[in-house]
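Below is one structure, written out as structure tokens; comments come after it.
Bear in mind that the values in this text are calculations on the coordinates, not laboratory data. Everything numeric here is computed off the predicted structure, so don't read it as measured data. Here the Cβ positions follow ideal geometry from the backbone for every residue, glycine too, while neighbour counts run over all protein chains shown.
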Amino acid sequence: MNPDDVESILADAVKAVTDAKVPDDLKSIAFEKAVDLLAARISPQPAAPQSAGGATSAAPTAVGSQLDRLAARFGLAHDVVEGVFAEGRNGLQVNVRPERLSRSKSAGARELAMLVAAMHQAESDDPTPVEEIRRVVEEYSRYDQPNFASSLAAMKGPFLVSGPSRARTFKLTRPGWQQAADLVRELGEVRDR
């Protein structure tokens, strides 16, 4: 870890504690925990615990806003995640600029499926219903009914897919979480115009 990392971690920890409006008597503990969480992103990570079935645990551990927890889950800066997601009345929502997504409907649908699943699982760790993905894909005009199912079926590496076609669910695998983080980094980075 270099001095720039330390400075960034401390600044981000102060911001997280301030934004979370932590009571004064808990600020020092919250700051320590925030530093630990932020430092863990930079330090090499040990393998995630595995369940009896071999699946890795992907439960978020950060405190703060939903966007803060999602940023911590991805290991990305809050600003980058905020370029792709927003907090709404009903929780997190995909809020990426449509022109940032792939132009083809099938590639755009796959990107949106990855974002929706990550957003959903960051909140509950439950598999994401296909209808939730379909709704967002339709909102972004990337829905191609004849090819939607096959576009998602091509994503079996990043997802554990289960259920019949109308009730299918998608759960991100460990490589899927990494692909989702890479996608969010790409879509959410600030570009000079």
Length added when fully stretched, Ala153-Ala86, from 0.36 nm per residue minus Cα-Cα: 21.4 nm
List the lysines whose Cα sits under 28 Å from the Cα of Lys171, skipping any in the same chain fewer than 8 residues away. Lys105, Lys156
Counting sequence-distant residues (5 or more places) and residues on other chains, those with an amide H built under 5 Å from that of Thr173 are Phe159, Leu160
Cα atoms only, region 106-176: Rg and Dmax in Å? 10.8, 31
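Between Ser106 and Ala11, what is 0.36 nm times their sequence separation minus the Cα-Cα distance? Round to one decimal in nm.
Working: separation 95, 0.36 × 95 = 34.20 nm, distance 4.01 nm.
Additional length available on full extension: 30.2 nm.
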Contour minus Cα-Cα span, Glu139 to Asp36, at 0.36 nm per residue, comes to 33.3 nm
Could you give the Stokes-Einstein D for region 65-193 in µm² per second, using the C-alpha Kirkwood radius, 4 °C, 1.567 mPa s? 89 µm²/s
What's the FRET efficiency of Arg166 with Asp126 using the Cβ-Cβ distance as r and R₀ = 25 Å, to the nearest 0.05? 0.90
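Using a simple charge model, +1 on the beta-carbon of Lys and Arg, -1 on the beta-carbon of Asp and Glu, nothing else, what dipole does region 142-193 show about its Cα centre, in debye to the nearest 20? Working shown, then result.
Details: 9 positive and 5 negative charges, 48 e Å.
So the magnitude is around 220 debye.
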Within region 65-193: Cβ-based charge dipole about Cα centre, in debye rounded to nearest 20 (Lys, Arg +1; Asp, Glu -1): 420 debye
